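The values are calculated or read from the model by the stated rules, or taken from the named source; none is laboratory data. The shown structure was predicted, so the numbers you read here are calculated from the model rather than taken from an experiment. Counting neighbours? That spans all protein chains shown, and the Cβs are built from the backbone with ideal geometry, glycine included. Heavy atoms of the whole protein, side chains included, go into the accessibility calculation; ligands, DNA and RNA do not. Shrake-Rupley method; radii C 1.70, N 1.55, O 1.52, S 1.80 Å.
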Amino acid sequence: MVKIAPSILSADFSRLGEQVSIVEQAGAEILHIDIMDGHFVPNLTFGPGLVSSIRPHSKLSFDVHLMIEKPEQYIKDFASAGANHITVHAEATSHLHRVVQQIKDLGLTAGVALNPASSLDSVKYLLEDLDMVLIMTVNPGFGGQKFIPACLAKIEELRARILKSGTNCEIEVDGGINSGTALEVARAGATILVAGAAVFAQPDPALAFRQLHEAVNK
Ligand code: DX5
Ligand code: ZN
């Protein structure tokens, strides 16, 4: 079963609680929450305060994607705010193994994200410690960008490495997912597909979510 994780980056922030309920009622299990610091990526979003304000209104698994430098400084804050899972970028810290352990020690699942130009070798010695590898299929920072097709080969190679290692690591993809690219990444081996604009920028986000979900689980 391939999961669609709606990203609130493209939601209407003036009625965020309602938007989260819409995708939850439509059958979503995971909510993707993008944190940007204006340094690691050229955009700013929100912090742990927003995560804790939506936490009491949703039972969804909160998948927090940290696009911030030195993520180790904020893991505790996002865990306390109600994150279930935290993904950090391999490019954003000098001590990737340490920050992965920090996330797991707090009882959360841990992921590492790789920018489009980053090699899978960044996670070669970490794969068995990870619950997820996030393959960025756009350059991080903005919703609504175009999918980078060269990332498909990377997803296939990661799927082969995970099979070979015998671990249970999920492959999440993030960026430019729509009804066409969703099928391609699912065939390549991705198991969680983040969808921002393809869900929340649509006139009926619940319908858009269900259609994407059905398209990849036929
Ligand atoms: C981009 C973020 C994504 C974003 C994806 O840097 O990490 O999660 O919401 O947006 P779409 O699905 O619109 O490409
Ligand atoms: Zn993201």
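List of remarks:
- Cross-link table Lys59/Lys124; Lys70/Lys154; Lys70/Lys218; Lys104/Lys154; Lys124/Lys218, entries beyond 30 Å C-alpha to C-alpha: Lys59/Lys124; Lys70/Lys218; Lys124/Lys218
- Computed label-point distance, nm, for sites Asn84 and Ala117 using a 7 Å Cα→Cβ extension: 3.5 nm
- Dipole in debye (nearest 20) - the chain, about Cα centre, beta carbon charges: Lys, Arg +1; Asp, Glu -1: 260 debye
- Shape analysis of region 1-95 yields a ratio of the Cα radius of gyration to the Kirkwood radius, Rg/Rh, of 0.96.
- Hz values of 3J(HN,Hα) by residue in region 178-187 - Karplus curve (6.51, -1.76, 1.60), Gly and Pro given as x: 9, 4, x, 5, 4, 5, 5, 6, 5, 5
- The trypsin sites (Lys or Arg not before Pro) of region 91-185 that DSSP puts in a loop, and whose beta carbon has at most 11 other beta carbons within 10 Å, are Lys124, Lys146.
- Debye intensity ratio in log₁₀ form over the Cα atoms of region 116-218, taken at each q of 0.16, 0.17, 0.19, 0.21 Å⁻¹: -0.68, -0.76, -0.92, -1.07
- J(HN,Hα) series, region 133-142, from Karplus relation 6.51 cos²θ - 1.76 cosθ + 1.60, nearest Hz, glycine and proline x: 10, 9, 8, 6, 10, 9, 6, x, x, 9
- For region 29-119, the solvent-accessible area with a 1.4 angstrom probe is 43 square angstrom per residue.
- For the chain, the share of accessible area belonging to carbon and sulfur comes to 50 percent (1.4 Å probe, ligands and nucleic acids excluded).
- Think of region 1-155 as a dipole: +1 on every Lys or Arg Cβ, -1 on every Asp or Glu Cβ, centred on the Cα centre; then among Ala5, Ile148, Val51, Ile148 lies furthest on the positive end.
- With both labels modelled 7 Å from their Cα along Cα-to-Cβ, the Glu156 to Asn217 distance reads 2.7 nm.
- Per residue, the chain reaches -10000 deg cm²/dmol at 222 nm when only DSSP H runs of four or more residues are counted, each adding -39500 (n - 2.57).
- By the Stokes-Einstein formula, at 1.002 mPa s and 20 °C, region 94-163 with its Kirkwood radius over alpha-carbon pairs has D equal to 163 µm²/s.
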